Amino acid sequence: MTDQPVVRVERDLPELAGPHHPESAAGHLVTTVPLARPEQSVAGVLEQLARQAYDALEAIYVLDGGGRLLGAVRLPDLHRAAREQTIGELVDRGYPRVGSHFDQERVAAEALRARASSVAVVDDEQRLIGVVGSLSLLEILRREHVEDLHRLAGITRERSRNRSALEAPPARRARHRLPWLLFGLAGSMLAALVVARFEHLLEDKLAIAYFVPAIVYLADAIGTQTEAIAVRGLSLSRLSLRELLAGELRTGLLIGLALAAIALPLVALGVGDLRLGFAVAAAIVVAGTVATTIGLLLPWLLQSAGRDPAFGSGPVATVIQDVLSLLIYFAIATWIAS
């Protein structure tokens, strides 16, 4: 075996070919990282680490003679190993690796799945190009978190220099918020038409109108909870859409039944109308179940179309849920309470 250090710096790694998106793996990689061959001893690599400065030092990346990535040795494993052991005995061949074109969010997801503090970036021939280090992963997670909060609130995507919604000029803030709110305004007009369609029902029994805000609010709240889970869960979960949808449907049904059980006696006693109590309870169950479905399917459809699933949340989902909740409530009230 040889203990001669295999030290490679930025100019020795394969160059990244062509332009790259700033939010891809290539936009975050560093190339001055610790490299080793499988035949090197632990003692030799530790000596190498003491002599060289690196941009990222979360693991030792093990290459074959052609520069192809075999895997990596995490620093804790390296320090725990016997000094005479070879790196090849310690290498984790399942250490996370991605292509340079991978989206930054997927890079962070790979690190979380593998419980690793860095991700190797390789070319089509599995040659190491560089590494996305721990600081970059933290920045990616923070950036995605901020963007998701903006989109959940109906704020369109901002450039990196304008990420703080509170610090941007008022005109820019208004420009970022208005598009989806205009969609919401159109949706509110549609909701008004739905209410007008059931004007005769409200004239016959005004008490039905008392519970419109409750039905709409509860459906929105249930849907918003699902959206918040789905926006990030779709990126990280390995379950199929059918499994995710089945789970959310059951969850929405259980939540709806629990809320309906509380609402039924309150409405019946409050307005002295048992049939209206059943109508409100049934509407809560159905609207809540529908809201969970929309909260999951809308982000999934956008993700399938190549868009960020967070665009399907906030005002868009709210408008759809509001209109459907009104239709559900008035239809049930017409059947049961009138």
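The values are calculated or read from the model by the stated rules, or taken from the named source; none is laboratory data. Values in this document were obtained by computation on a predicted structure and should not be read as measured data. Cβ coordinates were reconstructed from backbone atoms using ideal geometry, including for glycine residues, and neighbour counts include every protein chain displayed.
Say we look at the stretch 172-185 and pick out the residues that are without any contact (Cβ under 8 Å) to a residue 60 or more places away in the chain and touching a helix residue (DSSP H, G or I) at 6+ places or on another chain (Cβ under 8 Å); which of these is nearest to A333 (Cα to Cα)?
Narrowing the stretch 172-185 to residues without any contact (Cβ under 8 Å) to a residue 60 or more places away in the chain: 172-179, 182, 185.
Among the residues that remain, those that are also touching a helix residue (DSSP H, G or I) at 6+ places or on another chain (Cβ under 8 Å) are: 172, 176.
Numbers: R172: 44, H176: 39 Å.
So the residue we want is H176.
What helices (runs of 4 or more DSSP H), lying completely within the stretch 63-146, carry at least 1 residues that are small (G, A, S) and under 29 Å from the mean Cα position of the chain (by Cα)? If you could, list the steps in order and put the result at the bottom.
On the way: elements: 75-80, 87-90, 104-114.
Here the list reads 104-114.
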When you scan the stretch 142-149, do you find a residue that is β-branched (V, I, T) and assigned by TED's automatic domain parsing to the domain that holds T31, even just one? no
Sole exception among (1) surrounded by fewer than 15 Cβ atoms within 10 Å (Cβ to Cβ); (2) of a type in the set (G, A, S); (3) at positive phi for A50, by number: (3)
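Determine, yes or no, whether G233 is modelled with pLDDT of 75 or more and surrounded by 12 or more Cβ atoms within 10 Å (Cβ to Cβ). Spell out how you get there, then give the answer.
Numbers: modelled with pLDDT of 75 or more: no; surrounded by 12 or more Cβ atoms within 10 Å (Cβ to Cβ): yes.
For G233, the condition - modelled with pLDDT of 75 or more and surrounded by 12 or more Cβ atoms within 10 Å (Cβ to Cβ) - is not met.
Among the residues of the stretch 85-115, which ones are of a type in the set (A, V, I, L, M) and under 12 Å from Y61 (Cβ atoms)?
Looking only at the stretch 85-115, we keep the residues that are of a type in the set (A, V, I, L, M), and these are 87, 90-91, 98, 107-109, 111-112, 114.
Across the stretch 85-115, the qualifying residues are I87, V91.
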Look at the stretch 33-53 and say how many of its residues are at pLDDT 90 or above and either under 16 Å from I129 (Cα atoms) or part of a loop (DSSP other than H, G, I, E, B) (or both). 8
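Matching residues to (1) touching a helix residue (DSSP H, G or I) at 6+ places or on another chain (Cβ under 6 Å); (2) touching a residue at least 24 places away in the same chain (Cβ under 8 Å); (3) of a type in the set (S, T, N, Q):
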{"site": "M189", "(1), (2), (3)": "no, no, no"}
{"site": "L193", "(1), (2), (3)": "no, no, no"}
{"site": "A196", "(1), (2), (3)": "no, no, no"}
{"site": "K205", "(1), (2), (3)": "no, yes, no"}
{"site": "A214", "(1), (2), (3)": "no, yes, no"}
{"site": "T224", "(1), (2), (3)": "no, yes, yes"}
{"site": "A228", "(1), (2), (3)": "no, yes, no"}
Taking only pairs six or more apart or across chains, which ones have beta-carbon atoms under 6 Å, a first residue in the stretch 29-45 that is free of Cβ contacts under 8 Å to residues at least 40 places away in the same chain and within 28 Å of S100 (Cα to Cα), and a second residue that is assigned to a loop (DSSP other than H, G, I, E, B) and not aromatic (F, W, Y)? T32/V9; T32/D55
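Determine if the stretch 270-284 includes at least one residue that is under 28 Å from the mean Cα position of the chain (by Cα) and modelled with pLDDT of 90 or more. Full working, then the answer.
Going through the stretch 270-284, the residues under 28 Å from the mean Cα position of the chain (by Cα) turn out to be 284.
Right, trim to modelled with pLDDT of 90 or more and you get 284.
Yes, the conditions are met somewhere in the stretch 270-284.
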Does at least one position in the stretch 60-77 carry a residue that is farther than 15 Å from P34 by Cβ and of a type in the set (S, T, Y)? no
